[in-house]
Every structure is written in structure tokens, then in C-alpha cells.
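Here the structure is laid out as C-alpha cells; the discussion comes afterwards.
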Amino acid sequence: MQQGTLMRKVKSKSWKKQRYFKLQDDCMTIWYQSKRTGKIESAFSISDVETVREGHQSEVLQSLAEEFPPERCFTIVFYGRRGNLDLIASSAEEAQCWVQGLRQLIEPKSFPLTPALVSCTWIRDWFQKADKNKDGRMNFKEVQRLLKMMNVDMNEDHALRLFQAADKSESGTLEGEEFVLFYKALTQREEVLSLFQDFSEDGKKLTLLELVDFLRQEQLEDEGTEELAMELIDKYEPSETARARHVLSADGFLMYLCSPEGSIFNPRHRALWQDMSQPLCHYFISSSHNTYLIEDQIRGQSSIEGYIRALKRGCRCLEVDCWDGPNGEPMVYHGHTFTSKIPFREVVSTLGKASWENSSSPPPRMGASPPSSHPQRWAQSTAMLDIAVLPGRGVPTSPSPTLQELKHKILLKGKKIGRLEDTLDGPGDEAPDVSDDDNGAEAEEERRRVKVVLGMVHPSRGTKHGPALQKDKESLAQALSDCVVYCKSVSFRGFQEARSHSRPSEISSLSEAKARKLMRDAGNDFVRHNTWQLTRIYPSGMRTDSSNYSPQEMWNVGCQIVALNFQTAGTEMDLCDGLFSQNGRCGYVLKPPFMRDKETLFNPSDPGSREGPGPVTLTIQVISGQQLPKVANSKDGAVIDPLVRVEIHGVPVDQARQETKYIENNGFNPCWNETLQFQLHVPELALIRFVVEDYDKTSRNDFVGQFTLAFANIKPGYRHIHLLSKDGTSIPPSSLFVHIRITE
């Protein structure tokens, strides 16, 4: 008898196996079994799924594009380093059923997940893990095992008292709602209840006015506070009776504090909140190095998955290294190494599809090095023109266009013949006029038509000699050059030389070592240079393991394009994700005013050179932690000894770190109640990183979780910090509870 949906699971062009897929009754687990043997091969939780991609949005499915239409194909992408699951449904309707159903379960925008629902989901997951015999009930021995799994080292007598109090049926086991009661008793938040009672006259509820007092005094909400209080009650109070009376219960208060409104990250800054009408050089730009690599720089795999993941992560500057390939087709890989290769045309096709998924985002910028042979440069220019580099109606005529003007356009960085003005103005009357909206579309279409025709002429056909061959080479060079408009690559020969001879439409690339020398020798000149021209920084060639340098020191002098190896997790990528998690995750963050002024006196090594207010004091009370994850590959029954470290990343004088004491054997609900204090001289450039580690007195502490954000995005008051894994993915419901104060 058929169970579930029959689909093809695909691993390669030749490996396509039919499997039955089924969503379990709990709506949280999916398993699949072999059609031939009926054996269940694997299962995964909905909470493991990061996103679902439709169509040919994986390397494997792209290779099958001619065999299976995109309407039947989709990819399940998991958190962390688990491989993707590529599937082909029997019909477009069946594929849509799965795609939309999965998105309803995993995407908060489609299916709002309240803190209570997240907790219930987490409870159900743990119940299923601990219920070894799958009889739907748990005895005390199973509960003790579960506590160890949940990072709780609890006194056996206390655990037994909680167990017996929850066992309402007196059956010696916990079922369904009884286990929920046990969980609630286990997760009682005394520190939150105490805060609630400080503002509640009767200790049972917060009236509207009491909630307003809390929001003003502690959360420092000073605009529309009464309206905000009403919204919070309507949104987070679970009792209909309490909502009707405009009061907030202790449960509702906790739900608010665990919500986006109670997060340390200002929810208004999650959306696009900055001025997007500035020139490109006035923004920090999320940038990747050797984007095609998903492993190391010597023998690692090249994959279009690298581009897809980077774009999904908000990256706006991608790197494409092109080399001669078989059959006249250029290939993308790390030259002179043993990395695998992918066709350039597949990369460009992927960028053409994935770049525009978020239509509100400004343009991606692509750095493409040309192959060496004459015919393959023709192939490269044809492929790039197929995705319409700088698509849309007309090209901005300013040498320093704004982000808004460049919206929906792809910029190409590379070598260029002549100046930008030659491309914009054209050779006299031959250049179509695109300034008039009435005829701009027609002129643009004519321009594209000419370029595509150039790309279709394959220079390897026929034999040409002398002037004819030279003319072909000149046409080819011009065709490639015309794709480069606002990011002409030029060598850097010093700040004085750049001021005298360079243009805003040009860009220089510097190694991390060269950039460090410049910031040491001429910090202010470096900042001034970056107010009017783009600078790209790339990792040292010695980083063969794809490790990263600190991007912070490069941002301190205003470098816009600080390229990192996105495939390598660590502090450096935490800082990158932390900076670009704001502003709608569009990949662009506006630099502070003193880094956009061409006459600025700012030098990161001299914080007194910054114009503006004086230093600020950041005071952080680390109160407690909730349901911290266990350390990967830890022994059975091991419970962590957590501590919290707060790191300040910014200009040299602001760099600092402090940490709490460790709490022995409690990763479930540790309480620190310790206060850490920092003075920030240039808060506009500061990033705050919260790190939880498992203390080890004999060796290096183990990583547990982290969260990083820009100082400008901090919301003061009592706040929760929702922790992320080493790969930057969410690990609900793990969090820290803190109190934040900022004073001048």
C-alpha cells in the first residue's frame, strides 16, 4: 500500500531514485522510504529546514533542466553543513503542494510562530527523543534521561517532586498535557516573575498604566507608549478575558519579552531604514571572496551552491574567476589549483535568476576575471550579455550614481578600455539617447541587440589574418569592456596619485597586508579616499584553508568591499552577519557621516579626530540563560558549565572583552546576574558580540552560541538575545536575558 508522496530523490545526473515522502501527524517530522524495499531511509524535523527553493536552483537540478521542467523541481535546504535534498515531483501541482506546505511550516511570515508555539514545538521534539519505546508516555527513568539530554543536572529528589506534581493521573508516567505541565514547572522564570511583580500592584497582572510605566522607565520607549502597550497586550496576552480588560498576565509578559519587540535588536532596523540615495562609495557592501568555493582554496569543491548561499545571506559582491575550458566554454575555478570546475554559463544563469528574488535590494556587483584565449572571451561576453548586465531602462549618466539609480542592475568589475565617459557618451551620434523616457526603451533594446549580435559571432570560425584578425580582437575587447561601467579596475599607486588621476567610477583591490600598512601609515588619507572611490580588500594568498581576516579593521577606514570566505564559520563571519543583518538584509549599510565627508579629519587610531558627541558608556547586566544547546560531540550525560563573554569590535581604543563567571552543570536555566561595562569612543563603528562558551579548566572552552549586532541596532532595557550557531543559524529556543543601559 502506498504511503506518502512518490517523488524522485536526486543526487546526480545519473542517480535518481524514487522514494515515498510523508509528513508525520505531528506536522514536524518528514520521513522517506525506499519504493523498492519499503525501508525508511531517513527522517528530519521541520526545524532542521532553513528554506525551500523552487525550480532548478541547485547544481544537480540545473544539470537535469532539459529532462525535467522547473515546475516539478524543488530543493530543501537544511541549516548548518547538512547537504541539500533535491526532489522531483510527478507533477507541478504536487511540487507546489509540498513547497507551499513546507513554507507554511518553516517561514514565520507565512505562519506566525508565537513564543508559546515555538516552546510547544520544542517540547514535542524532546518528548519524541526521550520516549524510547514510542508508547506516548514517559516514566521517571525516561524523564531523568531527558533532563541530561536537555542540559539539566538536577537533584533527583527535586526532579521527582516536579514529576509527581505533574502526574495528575497518578499513573507513574507522564502523558501529553502532563508532560507540558512538567516542562512549565521546569522552565519557571523566577527572574522574569520578579521583574513583573516590581511593576504589578497585585502581583498577578499589569494594568495598562503599569505596563506603560514599565515601557517608559525600563524599555525607554518614549513615543506612542500607550498605543504600544495596547498592541503588546492584543498580540501577546494568551487570555481573552485579560485582553478584553486591557491587562497583561505574567505569561503574556514573558511572551512579550521573548518576542521580536523584546529582542535586543531594534525591530525597526530589521527593515530598510537607512537613506538609500547616496553614492555607492558611501556604503559598506557585503562581499565574498572566491564565491564559487564551498571548501578550501587548494582542493575544495567549486559549486553554484556557493553563489546561491551567498546571495541568500545578503551578499552583494560576488567573485567569478574564469579560465579556459573544453569546447570553447570558459570555466570557473581557482586557477593553478586542484579545485573542481563549473561552467561559466551556469554561474551567470544562476546569478540571473537568484539576484532578483528580493526586488527591493540594490544591485549585486560581480567581479569577473576573463579567460586567456580569444574565443573563450567571446563566450564569456555572450553569457554575461544573456543576463543583461546593467538591465533596465537606461543607464545612469552620473559618474557616481546612487543606489536607488542602480536598483535592478548588475555591475561588473573588471578591466576597461578608455574612460566611463566614453561609455556613457558614446562615439558621437552612434550612441542611442536613453535620457528620454519615451524612446529610452527602444534605444536600450537597440543597444542590447548590437551587443548580442557581437556575442554570437564566434571568432574561431573561418581563418582571418592581418587587419581582419586585429579588427576582431578589437571588437571582442570592446564588447567585454562595455560590460564594465562603474567598477573599472585600476592599480593603486598611492593616495596622492589617486586624487590627481583617478575617477569615482574606478576601483582598486588591495591585499589585507597592503591595507593594514596603509591604515598604519596614513589612516586619515585612507578614510578620505574611501569617501569618493571604492576599495576592495581580499584575503592573503596564504589562507589556503579559507580562513578569514578581521573585517572590522578594514571597515574602520571606510573600505566598502571587504571580501570574506563565506564558507568558513567563525568570529569574522559573525561580524559580517552582525553588520549586515540590519537594513532589510539588503547587503548595504550606510557609513557614518564622518566617513562620507571628503574633508574628514577622522583617523581610527585617533578617536578624538571624530566629529560629534563624546564617548558613551555601555552597561550590560547579564541576567540568565535559557535552554542552551549541548556542545557538539559531547559525551552522553555531559552538562555544560556556561559562561558569557561580551566582545567589543571597533576602533583600536574600543576593542575590549569581559566575561562572567561560569555556572556549573546548568545549561538549561543558568543565572549569572553580573554587570559588565564598556566605554565606546566611536560607537558608530562598534559591533557587539555575545558569546556563550562551555568552561573547561584543562583545555580551550567549547563554543555554545553567539549573537552579534551593530551598536546602532541595540534596543536598551530588559531584552532577550536569541543565540545563533557557529554557522550563523538560529538555535531556538536558546537565549540570554540581559539588561542594557547606554549613557553619555
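The values are calculated or read from the model by the stated rules, or taken from the named source; none is laboratory data. Bear in mind that the values here come from a model prediction, so they are computed numbers and not experimental data. Here Cβ is always computed from backbone atoms with ideal geometry, including for glycine, and neighbour counts include all displayed protein chains. Quick note on the areas: whole protein, heavy atoms, side chains included, nothing else; ligands and nucleic acids left out. Shrake-Rupley method; radii C 1.70, N 1.55, O 1.52, S 1.80 Å.
Give me the net charge of Met331's neighbourhood, meaning all other residues with Cβ under 11 Å from the Cβ of Met331; Lys, Arg count +1, Asp, Glu -1. So the surrounding residues net to -2. When Ser502, Ser259, Ser730 are compared by accessible area at a 1.4 angstrom probe, the order from most to least is Ser730, Ser502, Ser259.
Evaluated on the stretch 190-262, the Kirkwood hydrodynamic radius is 11.9 Å, with distances taken between all distinct Cα atoms. Reducing the stretch 609-656 and the stretch 131-181 to their Cα centroids gives an inter-centroid distance of 34 Å. Other residues whose C-beta falls under 15 angstrom from the C-beta of Met595 contribute a net charge of -3, scoring Lys and Arg +1 and Asp and Glu -1. Amide H contacts of Gln655 (H built 1.01 Å from N, in plane; Pro and chain starts excluded): Gly650 sit under 5 Å, all sequence-distant by 5 or more or on other chains. Taking θ as phi - 60° and the Karplus parameters 6.51, -1.76 and 1.60, the scalar couplings of the stretch 132-141 work out to 4, 8, 6, 9, x, 8, 10, 8, 5, 5 Hz in sequence order, x denoting glycine and proline. If you take the square roots of the eigenvalues of the alpha-carbon gyration tensor of the stretch 5-106 and sort them as a ≥ b ≥ c, do you get rounded (a/c under 1.5), prolate (a/b over b/c) or oblate? Rounded, because the longest to shortest axis ratio a/c is under 1.5. Summed over the residues of the stretch 196-258 and divided among them, the accessible surface reaches 55 Å² per residue at a probe radius of 1.4 Å. For the stretch 62-89 versus the stretch 699-744, the spacing of their alpha-carbon centroids is 34 Å.
Among His158, His269, the sequence by solvent-accessible area, most first, with a 1.4 Å probe is His158, His269. Give me the 1.4 Å probe accessible area per residue for the stretch 613-743, excluding ligands and nucleic acids, in Å². Averaged over the residues of the stretch 613-743, the accessible area is 39 Å².
Taking all protein chains together, Tyr292, Tyr718 sort by accessible area into Tyr718, Tyr292, largest first [probe 1.4 Å].
Count the net charge of all other residues whose Cβ sits under 13 Å from the Cβ of Glu221, scoring Lys and Arg as +1 and Asp and Glu as -1. All intermediate terms of the calculation are to be shown ahead of the outcome.
On the way: positive: Arg216, Arg268, Lys715, Arg719; negative: Asp213, Glu218, Asp222, Glu223, Glu226, Glu227, Glu231, Glu261.
Charge balance in the 13 Å sphere: -4.
Taking every C-alpha pair closer than 8 Å and separated by at least 6 residues, the mean separation divided by the residue count of the stretch 51-111 gives a relative contact order of 32 percent. The distance separating the Cα centre of the stretch 261-330 from that of the stretch 661-689 comes to 30 Å.
In loop segments of the stretch 655-744 as defined by DSSP, the trypsin sites (Lys or Arg not before Pro) with at most 11 further C-beta atoms inside 10 Å of their C-beta are Lys661, Lys697, Arg700.
For the stretch 215-291, carbon and sulfur atoms together expose 48% of the accessible surface, with a 1.4 angstrom probe and every protein chain in place.
Per-residue Karplus couplings for the stretch 311-316, computed as 6.51 cos²θ - 1.76 cosθ + 1.60 with θ equal to phi - 60°, are listed in order as 5, 5, 7, x, 5, 10 Hz, Gly and Pro entered as x. For the residue pairs Lys205/Lys235; Lys11/Lys341; Lys39/Lys630, the alpha carbons lie more than 20 Å apart in Lys39/Lys630.
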